[in-house]
């Protein structure tokens, strides 16, 4: 009788342990691997140009203004208009999404939740993020979200070349818009590309 009771208790503990570790494993799995990006989309390159217009969005999943439908609509509108302008001027166009999130998963989810399909994204490490460091320290600016930065890059060689390393030889900041109000009022006709 005592033997059967012992086995029942041992079996119960064993089942509990298996369930506990299985649930714990699923929790870890969902925290670390809950984003799967599947896209065959490539950056569209135009003609044989060495130049590109770059739309850089700086946001955060924790910023109320960055989560506003007004921002999403304005960002999408600006991206569409820039795509048309760059096509007309035979320039390449690149959309970059950066977040100041410490949690890279939250930041990536924020960027993927916007209507704009970014060509490049960077998230994690807050303001020390490599992309944010470039656009807030190298190209001096204030630390605030949301921001839209428009720039024009010139590369050493054509963006259609097969060179693996094609450095940016010049990047000129054309405009910077900080805050939801400024972003919703963007007028691209005032910018010389």
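No lab work stands behind these numbers, since they all come straight from the coordinates. What you are looking at is a predicted structure, and each value in this text was computed from that prediction instead of being measured. Here Cβ is always computed from backbone atoms with ideal geometry, including for glycine, and neighbour counts include all displayed protein chains.
Annotation: Cα Rg of segment 84-193 relative to the compact-globule expectation 2.2 N^0.38 Å equals 1.13. Neighbour counts of other Cβ atoms within 10 Å put 135, 57, 65 in the fewest-to-most order 65, 135, 57. Distance between the modelled labels on residue 165 and residue 144, one decimal in nanometres: 3.9 nm (7 Å Cα→Cβ projection).
In this calculation the C-beta distance from residue 157 to residue 67 is compared with R0 = 35 Å, giving a FRET efficiency of 0.30.
Ordering 101-111, 84-94 by mean Cβ neighbour count within 10 Å, with the highest value first, yields 101-111, 84-94.
Normalised Debye scattering of segment 62-135 at q = 0.16, 0.17, 0.20 Å⁻¹ gives log10 I(q)/I(0) of -0.62, -0.69, -0.89, counting only Cα atoms as equal scatterers and leaving out solvent.
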